[in-house]
Amino acid sequence: MNRQFLMKIVSQVATAPFLVGTSLFLCALSFYSFAVLKIDYRKTALLDLGPHPDATEYFAQAKALLKDRWPSIQIGYDKLPSRYPIGYPALMLPWLKILPEADSILAPFRTNQAIGLLLVLAVFGFYTYLAMPVTGGLAALLLATLPGFFTFCRSSMSEISTSTLFVLAFMFAYLGLEEERRWKIYLSAIFLGLSLNIRVQSLFFAPLLLAMALFPIREAPLRWFLHCAAVLIVFALAASPVLALNTIQFHSPFKTGYGFWVPYFYEVSGAQFRKPLLFFLHYVPTNAAFLWREFSLAPQGFTTANIFGTGTSFVAAFALLICAGLCFVRLSRFVTCAFLAGLSFLAATAGSSPADGRFYLPLLILSVAVVVLPVTWAAKSLVAGKRVVAALAIFSLVVAACLGYPSRSGYKTFEINRSQAWAALHFTVPPRQSAQFVAQRHFLETFSGQPGIVLSDIDPVYLNALLPEAFIAAPLDGKHQYRWSRIWRYDRPQAVALVKRGLDQSLPIYALFVSQKDREEKASRLPELDGYRWAILDTSVSDKVAVLKLTPVAADDGMPF
């Protein structure tokens, strides 16, 4: 295969289509570089790893994998299971080893930046392998300028890594059927199975495995049946790490950390039984309304995309190109299983997830393959001088899709004359900073030589992942986002017990607040012990961060609080 691929590349180099396709590909790389790779995260508020707890738990699991060889999150002295799979945290490990410890928080962002770049390269390489370099350049450009794509390429979430595995699975399923190579379908099953280790919802793309059943039969039916069974086994083996981990942690391969942390996602269906609520029919109209508002430029509510971008996942021009592309799709074995897989994922997402553009990102990225069909037709029509008006209309939509214009930016805004491409290039203007990251960095620089217990309203999982092992972070009291668990509890009694344990070990007890105002509002929630008081420490570095220390009443370590 490598020799054939190289021969195709050599035969295409220096030809006009290859040069045009390469030029479009370089445009895609240039935009991706400025919109994603050159972001200075220190000038953004993204270092607080929002949204919580998703990004925080991903990062904490990665740090635990590197340190303890086992995924976990830490609150106080307790090392607990996360609600999220281990696939995305495992992808961070190379970056955690490369980056200095002080910059380890950049690992989730660097991971997505690298995976996004890999996906752009893979798309262009796939079409070049098919001797369609112009289509490959167009596909790479449409992908790089897709708002949902570059938004989550600079995020700390798992959407891009999952979507990349989906795209690779579809690519190899297509090649397996077109070239009649079963090993490529097996490779597709591996990619699809691996995606379950990142997001369990990947299971709804399983109809793609019908590619093996639709493979042309030229041998005995028994051999065909064995291949169909084998591809399911390969898929299950690729997905087995998350199933094994669930079995170890929750005593069932089908139970996840959601049952541990948020049991209200389950309903009681009897005195002794509970079953997961996988589908909520009331989500369907909500999701339909969300997608319509995105298409019609109506004001949207707050979504995860607002954290890493303008809140827009796709523009109307891109959606119109998808509709046009469906007219050019020809029925085939691959189209059959791909359509069933996409429809299954769409139905499951609309019926089991609250409205958020990130859940539709895999379908948007896969839709690029549909979008390039009318664009390729328009290019051929212009060259031939036929259907010029229709071709120009298609290209006007392409330009609008690449510029992301017209579109809406921001939360519940009414301004619709925005360009997503322009907004992407000005993401860090004006610069912002993460209050949580600044607070922990300031605390660490000031008290690194005095390790102890840190009580804070900052996410304890976040603090424990960033602070050295000698520090133990925990919430102030029971007002934290991990309070819904029916198995693990942390409230005022546990906070008092933690403080007493630290005092018994002669450890300093600190309280960390992101600002003086934050201290004034929340210091009353700190645990109180007879004979001790909370004293304000004068760190003489920043008036934005407040640190208290628990001291004996007779001591004079700081101003009394």
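Overview of results
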| item | result |
| --- | --- |
| The chain: antiparallel DSSP beta bridges as a percent of all, rounded to 5 | 70 percent |
| Loop-located trypsin sites (Lys or Arg not before Pro) in region 326-377, at most 16 other Cβ atoms within 10 Å (DSSP) | Arg330 |
| Cα long-axis angle, helix 16-32 against the chain (0 to 90 degrees, to the nearest 10) | 10 degrees |
| Sorted by Cβ neighbour density within 10 Å, fewest at the top, the residues Val329, Val499, Val461 | Val329, Val499, Val461 |
| Neighbour-count order for Trp224, Trp183, Trp261, fewest beta carbons within 10 angstrom listed first | Trp183, Trp224, Trp261 |
| Check: region 385-471 dipole with +1 on Lys, Arg Cβ and -1 on Asp, Glu Cβ, in debye | 800 debye |
| Among His227, Ser332, Pro475 - extreme Cα towards positive end, dipole of the chain, charges at beta-carbon | Ser332 |
| Mean projected area (nm²) of the alpha-carbon convex hull when region 22-125 is viewed from all directions | 7.8 nm² |
| Cα centre as origin, Lys/Arg/Asp/Glu Cβ charges: region 2-425 dipole, Debye | 560 debye |
| Mean Cβ count within 10 Å, highest first, over the residues of peptides 101-109, 26-34, 63-71, 310-318 | 310-318, 101-109, 26-34, 63-71 |
| Residue (of Ile160, Gly125, Gly193) at the positive-pole extreme of the chain, dipole from beta-carbon charges | Gly125 |
| Neighbourhood net charge (15 Å Cβ-Cβ; Lys/Arg +1, Asp/Glu -1) for Trp224 | +2 |
| For a label point 7 Å along the Cα-to-beta-carbon line of Glu178, residues of region 132-162 with backbone N under 13 Å | 132-136 |
| Acute angle (nearest 10 degrees) that the helix 388-403 long axis makes with the longest principal axis of the chain, alpha-carbon atoms | 10 degrees |
| Listed peptides 445-454, 206-215 by packing density, highest first (mean Cβ within 10 Å) | 206-215, 445-454 |
| Cα point-scatterer Debye curve for region 435-560, base-10 log of I(q)/I(0) at q = 0.12 Å⁻¹ | -0.40 |
| Whole-Å semi-axes of the ellipsoid equivalent to region 167-259 (Cα gyration tensor, √5λ, descending) | 28, 14, 9 |
| Cβ-based net charge around Phe359, under 14 Å, with every Lys or Arg adding one and every Asp or Glu removing one | -2 |
| Table column - 3J(HN,Hα) (Hz), region 375-383, Karplus curve with 6.51, -1.76, 1.60, x for Gly and Pro | 5, 5, 4, 5, 5, 5, 5, 5, 4 |
| Förster radius 41 Å - calculated FRET efficiency between Ala497 and Ser240 (Cβ-Cβ, nearest 0.05) | 0.55 |
| The chain - percent relative contact order, Cα under 8 Å, separation 6 or more | 16 percent |
| Radius 15 Å from Cβ of Phe31, net charge of other residues (Lys, Arg +1; Asp, Glu -1) | +2 |
| Net charge dipole size for region 29-96 [Lys, Arg +1 and Asp, Glu -1 on Cβ; Debye, nearest 20] | 180 debye |
| Rounded tilt (10° steps) of 133-144 against the dominant C-alpha axis of the chain | 30 degrees |
| Length released on extending from Trp488 to Ser396, taking residue separation times 0.36 nm less the Cα-Cα span | 27.5 nm |
| Convex hull volume per residue in cubic angstrom - Cα atoms of the chain | 178 Å³ |
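Here, each number is a calculation from the coordinates, and none is a lab measurement. Bear in mind the structure is a predicted one, so any value in this text is a computation, not a measurement. In this analysis, Cβ positions are derived from the backbone assuming ideal geometry, glycine residues included, and neighbour counts consider all displayed protein chains.
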